[in-house]
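Colleague: Once you've had a glance at the structure underneath, I'll fire off some questions.
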Amino acid sequence: MSREGLRVREVSNEEGNRLLRIVRRSSGSVVTWRRAQMVLLSVQGMDVAGIAKVTFTSPDRVREVINNFNEDGFDSLYPKYAGGRPPTFSLPQRQAIKRIALSRPADHGLPFSTWSLSKLADFLVAEGVVDDISHEGLRELLKREEVSFQAVKTWKHSTDVDYEAKKNRVLELYDMAEGKATSGPGDPTVVFSMDEFGPLNLLPRPGKQWAPVVRRSSKGSTGSPRRRRLRATYKRTKGVRHLFAALDMNADKLYGHIKTNKNRVTFLTFCRYLRSLYPPEVRIAIVMDNFSPHLSTRKDRRVGDWAAANNVELAYVPTNASYLNRIECHFTALRYFALNGTDHQSHEEQNSMIRRYIAWRNRHKDNEVVRAISLRAKVA
């Protein structure tokens with residue numbers, strides 16, 4: 001038989017079904033699965049070149065598998081490993097496995113949206129990164145390399161044409177505030193990170209609490225529940241509030257004012273308060289997002305005019321890139337400690353809780369729990 005006309009020997013119906021079961025199985029050796037796939041494709045009439053293209057391997061490898069099956073049958077499908085310790089992988093191999101696992105299958109021309117362990121193991125063998133690797137071995141290797149299977153989250157890509165310039169300026173201001181960079185002529189001495197938090201509604205907020213463990217003898221009752229119960233609300237007629245907050249990057253201090261609305265007037269009122277914290281000759285910068293009241297427009301130039309007249313630099317993060325605003329991660333801690341698990345009956349009660357938290361946070365800047373929750377949400 002010529003090399004180009006190489007075909008697997010005649011297989012019985014029972015042997016064909018056995019090949020099909022091996023190919024459909026999601027567990028077991030990747031090498032066995034690939035060899036069975038090549039043999040089955042040959043049984044179905046595909047030539048060597050077609051099999052090599054489908055299985056992402058070389059024609060010589062396909063011929064070797066088919067010839068071995070013709071001589072030894074199903075025994076040739078199972079790799080003959082010697083006893084002893086599991087195979088170890090070199091540093092370049094581990095780095096290649098991690099790099100491929102962190103990439104998208106589409107980057108390699110594959111019609112998958114995500115890697116499964118079986119697809120990833122198959123691709124690694126096909127690319128010659130490893131000779132063989134089991135699914136569990138791959139899972140353990142990825143775990144040691146600190147790679148885990150995680151949910152994909154939405155992420156808004158910035159379409160700002162000045163993305164790089166704005167991002168670099170914001171990061172430069174952060175470095176100045178933290179003493180990592182030296183301020184040049186005209187650069188601010190003090191940097192604030194500012195944003196609004198809200199709307200703040202009056203509603204029961206989910207949270208967690210310490211509670212007795214449930215037992216058969218003490219499951220609790222409606223009259224005496226083990227945990228606090230939150231009421232259900234359908235009508236909320238007391239309006240909303242908005243928190244204007246700023247983080248003094250130099251002093252690591254939070255400031256907050258609660259307003260009934262957020263517009264250009266309330267925004268400028270809060271900015272004037274921030275300006276009053278330092279002498280007029282001290283130039284300050286305020287990092288903020290592109291919310292419309294923060295901007296100067298052709299019809300309303302109050303924001304830009306006020307900044308120019310008061311020795312203030314307004315640094316805007318790029319569009320859809322509010323993650324660069326440092327105040328955002330502090331809102332995570334505020335929500336966790338001051339709002340989660342609460343059911344305030346009035347805005348005065350809720351506002352008081354927020355103000356008291358800000359004052360407490362400023363007195364406990366180095367609190368490990370607060371810092372851990374803030375750092376968990378910190379990006380820039």
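The values are calculated or read from the model by the stated rules, or taken from the named source; none is laboratory data. Here the structure is a predicted model, which means the values were calculated and not measured. Quick reminder, even Gly has a Cβ in these numbers, built from the backbone with ideal geometry, and neighbours come from all protein chains shown.
Colleague: Residues that are under 21 Å from M249 (Cα atoms): find the helices (runs of 4 or more DSSP H) completely inside the range 95-199 holding 2 or more of those.
Modeller: Here the list reads 163-177.
Colleague: Out of all the residues in the range 23-39, which are closer than 22 Å to G128 by Cβ and either in contact with a helix residue (DSSP H, G or I) (Cβ under 8 Å, 6 or more places away or on another chain) or not assigned by TED's automatic domain parsing to the domain that holds E71 (or both)? Full working, then the answer.
Modeller: Taking the range 23-39 and keeping what is closer than 22 Å to G128 by Cβ, we get 23, 28-39.
Answer for the range 23-39, where residues must be closer than 22 Å to G128 by Cβ and either in contact with a helix residue (DSSP H, G or I) (Cβ under 8 Å, 6 or more places away or on another chain) or not assigned by TED's automatic domain parsing to the domain that holds E71 (or both): V23, G28, V30, V31, T32, W33, R34, R35, A36, Q37, M38, V39.
Colleague: While we're on this one: Report, ordered by the first and then the second residue, all pairs with beta carbons closer than 9 Å, sequence separation of six or more or different chains, a first member in the range 308-328 that is without any contact (Cβ under 8 Å) to a residue 40 or more places away in the chain, and a second member that is in a strand (DSSP E or B) and buried (at least 17 other Cβ atoms within 10 Å of the Cβ).
Modeller: Matching pairs, first to second residue: N310/I284; N311/I284; L314/A285; L314/I286; L314/V287; L314/M288.
Colleague: Here's another thing I want to ask about it. Go over the candidates N261, N290, N250 one by one and state the one that is crowded, with 16+ Cβ neighbours inside 10 Å, at pLDDT below 95 and part of a loop (DSSP other than H, G, I, E, B).
Modeller: Numbers: N261 fails: crowded, with 16+ Cβ neighbours inside 10 Å; N290 fails: crowded, with 16+ Cβ neighbours inside 10 Å.
Unique residue meeting the criteria: N250.
Colleague: Identify all residues within the range 43-79 that are in contact with a Leu (Cβ under 8 Å, 6 or more places away or on another chain) and assigned to a helix (DSSP H, G or I); write none if there are none.
Modeller: Selection gives V43, V48, G50, I51, V54, R63, I66, N67, F69.
Colleague: Are there any pairs, at least 6 apart or on different chains, whose C-beta atoms fall under 7 Å, with the first in the range 49-74 and assigned by TED's automatic domain parsing to the domain that holds L120 and on the phi > 0 side of the Ramachandran plot and the second in a helix (DSSP H, G or I) and surrounded by 15 or more Cβ atoms within 10 Å (Cβ to Cβ), and if so, which?
Modeller: Nothing qualifies.
Colleague: A further question follows. Would you mind finding the one in R34, R25, R94 that is closer than 30 Å to F149 by Cβ, in contact with a Ser or Thr (Cβ under 8 Å, 6 or more places away or on another chain) and surrounded by 11 or more Cβ atoms within 10 Å (Cβ to Cβ)?
Modeller: R34
Colleague: So which of S26, S90, S58, S76 ends up being polar (S, T, N, Q), modelled with pLDDT under 90 and more than 41 Å from the chain's Cα centre (by Cα)? Quick ask: steps written out before the conclusion?
Modeller: Numbers: S26 fails: more than 41 Å from the chain's Cα centre (by Cα); S90 fails: more than 41 Å from the chain's Cα centre (by Cα); S58 fails: more than 41 Å from the chain's Cα centre (by Cα).
Matching residue, one of S26, S90, S58, S76: S76.
Colleague: Test each condition in (1) closer than 21 Å to R275 by Cα; (2) in a helix (DSSP H, G or I) for Y336 and report the one that comes out false.
Modeller: Exception for Y336: condition (1).
Colleague: Follow-up. I'd like to verify a number: residues in the range 145-183 that are among the basic types (K, R) and either touching a residue at least 24 places away in the same chain (Cβ under 8 Å) or in contact with a helix residue (DSSP H, G or I) (Cβ under 6 Å, 6 or more places away or on another chain) (or both), how many?
Modeller: 4
Colleague: Being touching a helix residue (DSSP H, G or I) at 6+ places or on another chain (Cβ under 9 Å) and either free of Cβ contacts under 8 Å to residues at least 12 places away in the same chain or at negative phi (or both) is the filter here; which residues of the range 231-247 pass it?
Modeller: Step one: filter the range 231-247 for residues touching a helix residue (DSSP H, G or I) at 6+ places or on another chain (Cβ under 9 Å), giving 238-247.
Hits for the range 231-247 are K238, V240, R241, H242, L243, F244, A245, A246, L247.
Colleague: Does the range 294-310 include one or more residues that are small (G, A, S) and buried (at least 16 other Cβ atoms within 10 Å of the Cβ)?
Modeller: At the first step, the residues of the range 294-310 found to be small (G, A, S) are 296, 304, 307-309.
When the remaining residues are screened for being buried (at least 16 other Cβ atoms within 10 Å of the Cβ), the result is 296, 307.
Scanning the range 294-310 turns up at least one residue that is small (G, A, S) and buried (at least 16 other Cβ atoms within 10 Å of the Cβ).
Colleague: Also, I was wondering about something else. Mind counting the residues in the range 8-42 that are part of a helix (DSSP H, G or I) and touching a His at 6+ places or on another chain (Cβ under 9 Å)?
Modeller: Residues meeting the conditions: 1.
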